[in-house]
Amino acid sequence: MKNINKIRVVLAIGSNANRRPNIENAKLALQSLFEDIQFSRIMRTRAIGIKAADFHNCMAIGHTDLDYGQLKEACNTIESACNDQAEKRRNGIIEMDIDILEYNGTKHHANDWNRRYIKILYNEINQQP
């Protein structure tokens, strides 16, 4: 099997500005990092914890040989390429947010796993062949 020595990763992807193009650009960039990445459908959700426009969210599952730090840096680079900036974030504008929810069996962003849309999208994508 091709992915036997690779690390399983679960990502959460979201945007509330220029939503559809930013999600599509992030997906293309992520495809260059994961040869087997699969994406969930895109779901529109309300902002949580900030006063902001609705988000488009999706999830991805794939395998990588990148270590956690390298993957985090790559995700930050993709966010920046989508014009995500700290000043915009302070004003509730999130061009792109990519969170590593699971890396090599270890869950991160514990509160996110309790969000309804994460549960729904994860269950859908985790059942894909």
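The values are calculated or read from the model by the stated rules, or taken from the named source; none is laboratory data. Computed from a predicted model, the values in this text were never measured in an experiment. So basically every Cβ, Gly included, is an ideal-geometry build from the backbone, and we count neighbours across all protein chains shown. Each accessible area value is taken on the protein alone, full model and side chains, heavy atoms only, with ligands, DNA and RNA left out. Shrake-Rupley method; radii C 1.70, N 1.55, O 1.52, S 1.80 Å.
Calculate, in nm to one decimal, what Ile50 and His108 gain on full extension: separation in residues at 0.36 nm each, minus their alpha carbon distance. Please list the in-between numbers first.
Working: separation 58, 0.36 × 58 = 20.88 nm, distance 2.05 nm.
18.8 nm is the gain from fully extending Ile50 to His108.
Please give the contour-minus-distance gain from His63 to Glu35: 0.36 nm per residue of separation, less the Cα-Cα distance, rounded to one decimal in nm.
9.3 nm
Excluding ligands and nucleic acids, what accessible area in Å² is computed for Ser32 using a 1.4 Å probe, to the nearest 10?
Taking all protein chains as shown, Ser32 has close to 100 Å².
Which value, in debye to the nearest 20, gives the size of the charge dipole of region 1-117 about its Cα centre, when Lys and Arg are +1 and Asp and Glu are -1 at the Cβ?
Dipole magnitude for region 1-117 comes out near 540 debye.
Would you mind working out the accessible area per residue for the chain, using a 1.4 Å probe, and quoting it in Å²?
Value returned for the chain: 56 Å² of accessible area per residue.
Hey, rough spin-label estimate for Asn83 and Glu24, points 7 angstrom out along Cα→Cβ, what's it come to in nanometres?
1.5
Rounded to the nearest 500 deg cm²/dmol, what is the calculated helix-only ellipticity per residue at 222 nm for the chain, with -39500 (n - 2.57) per DSSP H run of length n ≥ 4? Intermediate values should be presented prior to the final figure.
Values: 4 runs with 43 residues, N = 129.
Rounded to the nearest 500, the figure is -10000 deg cm²/dmol.
Per the 1.4 Å probe, what fraction of the accessible area of the chain, in percent, lies on carbon and sulfur atoms?
Its accessible area is 47 percent carbon and sulfur atoms.
List the residues, sorted by chain then number, that are 5 or more residues from Glu102 or on another chain and whose placed amide H is less than 5 Å from its amide H.
Residues meeting the amide H criterion: Val10, His108.
With the contact rule set at Cα under 8 Å and sequence spacing of 6 or more, what percent relative contact order holds for the chain?
36
Determine ³J(HN,Hα), in whole Hz, for all residues of region 47-60 in sequence, where each value follows from phi through the Karplus function 6.51 cos²θ - 1.76 cosθ + 1.60 and θ = phi - 60°; x replaces Gly and Pro.
In residue order, the calculated couplings are 4, 10, x, 9, 8, 7, 5, 4, 9, 9, 10, 8, 10, 9 Hz.
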